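The values are calculated or read from the model by the stated rules, or taken from the named source; none is laboratory data. Predicted model, so just to flag it, every value in this text is computed and none were measured. A quick note on method: Cβ atoms are made from the backbone with ideal geometry, for glycine too, and the neighbour counts reach across all protein chains shown.
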Amino acid sequence: MKRTAREAEESNRTLNRRTLMLGGAMGAMVAVLGARMRYLQVDQADQFKLLAEENRINIRLIPPERGIIMDRNGKVIAGNEQNYRVVITREAAGDVDLVMRRLAAIIPMTAEELQASIDQVKSLRAFVPVTVAERLSWDDFSRVAVNAPALPGVVPEVGQSRRYPLDTDFAHVVGYVGPVSEKDLADLESPDPLLRIPKFQIGKIGVEKWMEETLRGEAGTKRIEVNSAGRVMRELERREGTPGKDIRLTIDAEVQNFAQARLGEESAAVVVMDVTNGDIICCASSPSFDPNLFVRGISHAEYNALMENDHRPLANKTVSGAYPPGSTFKMVTALAALEAGVATPDTRVSCPGYIEFGGRRFHCWKRSGHGTVRLSRSLSESCDVYYYEIAQKVGIDKIAEMGRKLGLGRKFDIPMSAITEGNMPDKAWKMARHKQEWRIGDTINASIGQGYVLASPLQLAVMTARIASGRQVLPRLVRMVQGRELPVPEAPALDIAPEHLAAVRKGMHEVVNGDNGTAKSSRIVEPTLAMAGKTGTSQVRNISKAEREAGVISNDQLPWHRRDHALFVGYAPYDNPRYAVSVVVEHGGGGSTAAAPIARDVILRALSDGLPPLNAYPASQRARIETMLRELPLRDPVTGRPPARSAT
């Protein structure tokens with residue numbers, strides 16, 4: 001049917017409207033697409049370029065060089081050495097078993113080590129490099145490099161490893177490093193990404209652990225190009241990290257070596273402290289161990305041998321050992337009584353050999369008694385009854401207050417592991433700990449450093465340094481960081497009357513230099529080096545009434561683990577105190593025979609430029625001392641060889 005002109009015109013208008021609408025929609029869509037393309041290709045170009053780069057470029061961390069630890073004179077006691085190692089990548093190796101068997105024929109590798117390495121390589125992703133041998137000799141390392149064409153996927157590398165050149169001398173102080181464990185990571189709120197590098201090592205104990213962040217440094221980075229499988233194609237850019245900071249300790253390596261050698265195989269500890277500033281000059285625990293074993297990977301047999309040794313070589317007895325201080329505590333009781341006004345240096349006490357209280361006898365070490373005793377003689381001859389009597393008058397709370405003033409019952413802030421705070425008990429402590437009232441018998445026991453009283457060799461050294469100096473000196477182990485001397489705050493004066501300190505010092509002088517002093521055989525005859533001190537013997541077993549009546553069994557007739565601990569504290573020179581020393585010999589018997597001679601030798605070494613001078617010893621002892629000094633297994637901290645002998 002033919003349309004009219006009107007209908008044709010209306011149809012054209014409708015078609016034009018639809019054409020315009022469709023064209024407008026298409027134009028709008030093109031505009032949107034154009035704007036989106038501009039946004040993606042221009043505005044976001046850098047972002048997408050970065051994303052594309054990340055698909056083929058990786059950024060990896062470069063471990064920084066660990067800071068060096070030195071003694072007070074700059075001798076290295078923890079350093080770094082080149083570590084020749086071999087790594088293998090499964091992707092490039094192909095037949096891992098074949099390549100590893102070839103490698104085992106070139107370098108030393110047991111069947112167990114070979115199989116363990118193969119298992120580890122196969123357990124990880126194909127492109128991950130795995131260290132299969134390290135600390136190779138140069139000859140072995142060279143053989144791997146020469147045979148590289150026959151060892152696809154095997155790459156010889158040079159890294160760094162921690163080394164302790166003085167091994168056993170500083171094992172307990174410096175500690176050691178080891179691979180990061182899951183527990184290490186769990187203990188940190190935000191672990192450094194460095195810690196996730198395979199086989200990265202951190203400090204485990206001692207200074208290495210407690211100054212880890214200072215020693216670790218900051219990681220560097222390298223940009224590497226990888227293929228679609230993740231294998232490294234080339235290195236594009238490298239930024240070296242910041243090495244860890246070097247640390248210089250207060251300890252003198254030569255004095256430390258002498259102390260370790262002097263202790264020999266005893267289960268013992270020695271601490272020497274500068275009374276003027278708190279510097280720890282020596283901190284020796286025996287027996288020791290070689291920390292290099294832990295860095296390299298200690299075997300089960302070696303570790304079990306350390307754990308099963310009844311002398312506990314892994315324990316740092318200087319700070320973690322808590323011992324009844326025995327008679328070395330008597331200065332605390334004496335000062336408490338003097339300060340409380342319940343005794344004077346001339347107060348007399350009669351010692352018949354025991355006192356009776358509550359139906360029980362508390363014995364003096366001398367069964368026949370000491371007769372009438374004043375303060376100076378009570379210290380020089382170590383009369384127990386004197387302290388039983390004055391302790392009852394002053395009370396445990398005053399004694400505990402004095403003990404804390406002198407540094408007992410306190411955990412000192414130095415970078416060492418397992419530091420004990422010991423125990424300085426009082427009435428409130430016993431009620432809180434044992435839900436019992438304090439008894440007079442407890443006070444009597446505490447007065448001579450037995451019962452609940454416990455102290456570490458470090459605390460005993462601090463106590464002695466404070467008595468000698470009259471100041472609240474604090475122990476210090478770190479002297480410098482990255483060449484910067486750490487400030488030493490001035491120690492305030494002790495709140496103890498100078499005349500009371502002088503009276504106690506006089507008694508300590510008589511201990512070593514008096515005709516009847518318990519340590520007279522360990523006196524120093526050179527007047528400018530004269531030593532003052534106090535012996536101590538702490539019981540580790542109860543002595544029954546029957547045994548006392550029949551005769552107390554001597555220590556040398558008892559099994560080692562049932563013998564008394566031997567202790568000695570002292571300082572020198574007497575007229576101008578410089579160093580304080582404390583010695584504990586576990587199950588050593590008497591303090592006068594086992595601990596005092598060691599203390600004398602070590603403090604003389606600290607005061608001397610070389611071996612202790614023979615003219616400082618009594619003439620009758622010089623031949624024996626000369627032989628003893630000659631036979632000590634000493635070594636020079638730098639060369640590792642025996643030092644020059646100049647004992648005169």
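Worth pointing out:
- Filtered residues of the stretch 206-228 (kept if at pLDDT 95 or above and of a type in the set (A, V, I, L, M)): Val207, Met211, Leu215
- In this structure, Trp438 does satisfy being aromatic (Phe, Trp, Tyr), assigned by TED's automatic domain parsing to the domain that holds Gln392 and surrounded by 18 or more Cβ atoms within 10 Å (Cβ to Cβ).
- Members of the stretch 90-107 that are at pLDDT 85 or above and either within 12 Å of Ala148 (Cβ to Cβ) or part of a helix (DSSP H, G or I) (or both): Val96, Asp97, Leu98, Val99, Met100, Arg101, Arg102, Leu103, Ala104, Ile106
- Within the stretch 359-378, considering residues that are under 16 Å from Gln450 (Cα atoms) and part of a loop (DSSP other than H, G, I, E, B), the one nearest to the chain's Cα centre (by Cα): Trp365
- Scanning the stretch 337-358 for residues that are more than 44 Å from the chain's Cα centre (by Cα) and free of Cβ contacts under 8 Å to residues at least 60 places away in the same chain yields a count of 8.
A quick yes/no check of all residues on (1) over 20 Å from the mean Cα position of the chain (by Cα); (2) buried (at least 17 other Cβ atoms within 10 Å of the Cβ); (3) aliphatic (A, V, I, L, M):
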{"position": "Pro63", "(1), (2), (3)": "yes, yes, no"}
{"position": "Glu81", "(1), (2), (3)": "yes, no, no"}
{"position": "Thr89", "(1), (2), (3)": "yes, yes, no"}
{"position": "Ala93", "(1), (2), (3)": "yes, yes, yes"}
{"position": "Ala105", "(1), (2), (3)": "yes, no, yes"}
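- Scanning the stretch 480-508 for residues that are of a type outside the set (A, V, I, L, M, F, W, C) and in a loop (DSSP other than H, G, I, E, B) yields Gln482, Gly483, Pro487, Pro489, Glu490, Pro492, Asp495.
- Close pairs (8 angstrom Cβ cut-off, 6 or more residues apart or separate chains): in contact (Cβ under 8 Å) with a residue 24 or more places away in the chain in the stretch 291-303, part of a helix (DSSP H, G or I) and surrounded by 11 or more Cβ atoms within 10 Å (Cβ to Cβ) anywhere: Pro291/Asp167; Pro291/Phe170; Pro291/Ala171; Pro291/Val174; Asn292/Asp167
- The residues on offer are Arg624, Arg562, and the sole one that is surrounded by fewer than 14 Cβ atoms within 10 Å (Cβ to Cβ), more than 17 Å from Val525 (Cα to Cα), in the same structural domain as Leu379 (by TED's automatic domain parsing) and out of contact with any helix residue (DSSP H, G or I) (no Cβ under 6 Å at 6 or more places or on another chain) is Arg562.
- Residue match in the stretch 357-368 (condition: of a type in the set (Gly, Ala, Ser) and either surrounded by 20 or more Cβ atoms within 10 Å (Cβ to Cβ) or touching a strand residue (DSSP E or B) at 6+ places or on another chain (Cβ under 9 Å) (or both)): no
- Only one of Pro191, Pro156, Pro179, Pro152 that is farther than 30 Å from Ile251 by Cα, free of Cβ contacts under 8 Å to residues at least 60 places away in the same chain and of a type outside the set (Asp, Glu): Pro191
- Taking strands (runs of 3 or more DSSP E) as the structural unit, those lying wholly within the stretch 239-298 and holding at least 1 residues that are of a type in the set (D, E, K, R) and crowded, with 18+ Cβ neighbours inside 10 Å correspond to 247-249, 268-274.
- Test: residue in the stretch 605-616 that is within 21 Å of Phe329 (Cα to Cα) and either in contact with a Gly (Cβ under 9 Å, 6 or more places away or on another chain) or assigned to a helix (DSSP H, G or I) (or both): no
- Being within 30 Å of Gly217 (Cα to Cα) and among the β-branched types (Val, Ile, Thr) holds for only one residue in Val473, Val504, Val511, Val481, and it is Val481.
- Taken as a whole, the stretch 540-561 holds no residue that is charged (D, E, K, R), at pLDDT 90 or above and either more than 26 Å from the chain's Cα centre (by Cα) or closer than 15 Å to Met273 by Cα (or both).
- Some residue of the stretch 204-219 being among the aliphatic types (A, V, I, L, M), touching a Leu at 6+ places or on another chain (Cβ under 6 Å) and either in a loop (DSSP other than H, G, I, E, B) or within 25 Å of Ala78 (Cα to Cα) (or both): yes
- Criterion violated by Arg404 - all others in (1) over 25 Å from the mean Cα position of the chain (by Cα); (2) assigned to a helix (DSSP H, G or I); (3) free of Cβ contacts under 8 Å to residues at least 60 places away in the same chain satisfied: (1)
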